[in-house]
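Reading through the structure tokens given below for one structure.
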Amino acid sequence: MSDPEWWKKSVFYQIYPRSFMDTTGNGIGDLQGIIKKLSYLSNIGIDAIWISPFFQSPMADFGYDVSNYRRVDPLFGSNEDFDILLNKAHDLKLKIIVDMVLSHTSIEHPWFIESRSSKDNPKADWYVWADAKPDGTPPNNWQSVFDGPAWSFDTRRGQYYLHNFLKEQPDLNFYNQNVQKQLLDECEYWLKRGVDGFRLDTANFYTHDAQLRDNPAKVEGQTISNGTQFEKPHPYNMQRHLYDKSQPENFVFLEKLKTLMDRYPNTMTLGEIGDDDPYNLSVDYTENGTPLNTAYNTHFMAGTDSGTLTKNLIETPITLLQNMSKDAWPSWAFANHDVVRPLTRWGKGIKNQDDFSKLLIQILLTLRGTPFLYQGEELGLPEATIDFEQIQDPWGKALWPEWQGRDGCRTPMPWNNNALHSGFSNNENDPWLPIPDEHKIRAVNTQDSDSNSVLNFTKEFLKWRKSKPVLQTGKMDFIKTSNKNILAYNRQLGDHKIICLFNICEEKQEFDGNILAPLEAKFIEK
Ligand code: BGC
């Protein structure tokens, strides 16, 4: 695909490398494991892969705390392994985008070690440092997404440093031009190695209010979608995030990144946006494909406990975005490494889980925008339950027993239900997270040989989608219906139209002369 807009037509597949395939026997997935499974991915029919971070890291947040942007962590392999992966993927016509975590580094990054060592070292201003208030409390009221204040005190400097996430993830100071320049260099390192683009972690968190003003309290009854999955009262959710993120200066950095990307033809950027008003921001960031190509919205990700799939849930963000801009190109995902798997999140009371999985795949792959599948979604995996003793996610440890955190969607891929650890790892030691029984029975080998499986259905559906340009770039309009169980929309490109109808419940429904069996989707071509 030499088309510069290949990413609009592509279906992406997200790999969480720790849990994809372990070839070294240490219970943790690695790059050679991805290489081994590239033909599996190519056979499914996806076009591009987003790999979650594999850079050197002490793994406080499992790779989202980078201590060297230019080195593959030895846990995952070497830079040479990455080159092999990239070349093999390209041979199979698969694009690869890597996950750049630019907003913060690891506390063990040499830049932070130097920065915290004194107030006058060359990197003193590379992170966000501020004095305590006269009473010793943090500089302002900002809260960390994960838990507690967004500030930690460093005794060496005698100052607080900012961290929007864990205290092990200090925020870089983007007001320092050297920081911006350095980060662009880190990105260019991977562009030179040949990557096809970047997923930009927390792309609206780069800059903060330079005056460090307090965030106001959230107004009672106001709905705020701010990227955290936890539904119970939580300090982060009690504020309006006016000052700790989404500042206008963020845009200036993204424009510099765009200038860099333009020097590497056919590359793309996908920005993760978690904000009180994610739609306005994603339009700002992606209108006419600039400065970012597309934004990854977390609207479909909210909620932890069993809920149900409603028509509104799908219609709301798409309508909001379409009303704001016809040009901004969205990306959609129902699942990723941070959220409860959708089968569990939306499948309350659903008896036929496989049909429900197939329905979700059909919805995701027919929305206007780039779809992102997450590993295991093609197998119809539900969320795994993790015992407290086995929880690895620091967010889960902080919030247990109210919430187990993000491990339930991060358990290893079940490849073969006859093999040790379902074929994920061949070591007798247990993998880093357990593989639940209900995943084992859905392993790739069992689904491969079952023509009715979610896996084979996904393959067929992807093949069909590929043959329909209207589903890739056509416009999308919802069809109004008073039946709350029918989700309906048109996709149209020139004269070609596909009416997409979905029965989202387990009872037969009728719509406009069409009978839809439980959880059935129908596509009527005109
Ligand atoms: C990533 C998370 C990570 C956080 C901090 C996110 O949005 O997807 O996994 O914990 O950024 O880097």
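The values are calculated or read from the model by the stated rules, or taken from the named source; none is laboratory data. Treat the numbers as computed from the prediction; the structure is a model and nothing was measured. Cβ atoms come from the backbone with ideal geometry, glycine included; neighbour counts cover every protein chain shown.
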**Asked** Across segment 346-356, what is the number of residues that are buried (at least 20 other Cβ atoms within 10 Å of the Cβ), of a type outside the set (A, V, I, L, M, F, W, C) and in a loop (DSSP other than H, G, I, E, B)?
**Response** 0
**Asked** Do we find that ILE107 is out of contact with any strand residue (DSSP E or B) (no Cβ under 7 Å at 6 or more places or on another chain), under 22 Å from MET59 (Cβ atoms) and without any contact (Cβ under 8 Å) to a residue 40 or more places away in the chain in this structure?
**Response** no
**Asked** Do you know which residues across segment 71-127 are out of contact with any helix residue (DSSP H, G or I) (no Cβ under 8 Å at 6 or more places or on another chain), within 16 Å of the ligand (Cβ to nearest atom) and within 21 Å of GLY33 (Cβ to Cβ)?
**Response** ASP73, ILE97, ASP99
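Tell me yes or no: at least one residue of segment 112-119 is in a strand (DSSP E or B), touching a strand residue (DSSP E or B) at 6+ places or on another chain (Cβ under 6 Å) and among the charged types (D, E, K, R). Before the answer, list the steps.
Here is the first cut: in segment 112-119, the residues in a strand (DSSP E or B) are none.
Looking for residues that are in a strand (DSSP E or B), touching a strand residue (DSSP E or B) at 6+ places or on another chain (Cβ under 6 Å) and among the charged types (D, E, K, R), one finds none in segment 112-119, hence no.
I'd like to verify a number: residues in segment 258-293 that are more than 16 Å from the ligand (Cβ to nearest atom) and in contact with a strand residue (DSSP E or B) (Cβ under 7 Å, 6 or more places away or on another chain), how many? Before you say what the answer is, go through the steps one by one.
Taking segment 258-293 first, the residues more than 16 Å from the ligand (Cβ to nearest atom) are 258-268, 277, 279-280, 283-284, 286-291, 293.
Filter again for in contact with a strand residue (DSSP E or B) (Cβ under 7 Å, 6 or more places away or on another chain), leaving 261, 267-268, 286, 293.
Counting residues in segment 258-293 that are more than 16 Å from the ligand (Cβ to nearest atom) and in contact with a strand residue (DSSP E or B) (Cβ under 7 Å, 6 or more places away or on another chain) gives 5.
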**Prompt:** Of (1) assigned to a loop (DSSP other than H, G, I, E, B); (2) within 16 Å of THR319 (Cβ to Cβ); (3) modelled with pLDDT of 95 or more, ALA488 satisfies all except one. Which?
**Reply:** (1)
**Asked** What tally of residues in segment 131-149 results from selecting those that are over 31 Å from the mean Cα position of the chain (by Cα) and of a type in the set (Gly, Ala, Ser)?
**Response** 2
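If you take just the strands (runs of 3 or more DSSP E) that sit entirely in segment 141-206, which of them hold at least 1 residues that are more than 16 Å from the ligand (Cβ to nearest atom) and out of contact with any Ser or Thr (no Cβ under 6 Å at 6 or more places or on another chain)?
Details: elements: 151-154, 159-162, 197-200.
Here the list reads 151-154, 159-162.
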**Message:** I need a count of the residues in segment 150-188 that are surrounded by fewer than 22 Cβ atoms within 10 Å (Cβ to Cβ), within 18 Å of PRO235 (Cβ to Cβ) and under 24 Å from the mean Cα position of the chain (by Cα).
**Reply:** 1
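Please indicate, with yes or no, whether at least one residue in segment 127-137 is surrounded by 22 or more Cβ atoms within 10 Å (Cβ to Cβ) and either in the same structural domain as ILE34 (by TED's automatic domain parsing) or in contact (Cβ under 8 Å) with a residue 40 or more places away in the chain (or both).
Filtering segment 127-137 down to residues surrounded by 22 or more Cβ atoms within 10 Å (Cβ to Cβ) leaves 127-128.
In the following step, the residues that additionally are either in the same structural domain as ILE34 (by TED's automatic domain parsing) or in contact (Cβ under 8 Å) with a residue 40 or more places away in the chain (or both) were identified as 127-128.
Within segment 127-137, one or more residues are surrounded by 22 or more Cβ atoms within 10 Å (Cβ to Cβ) and either in the same structural domain as ILE34 (by TED's automatic domain parsing) or in contact (Cβ under 8 Å) with a residue 40 or more places away in the chain (or both).
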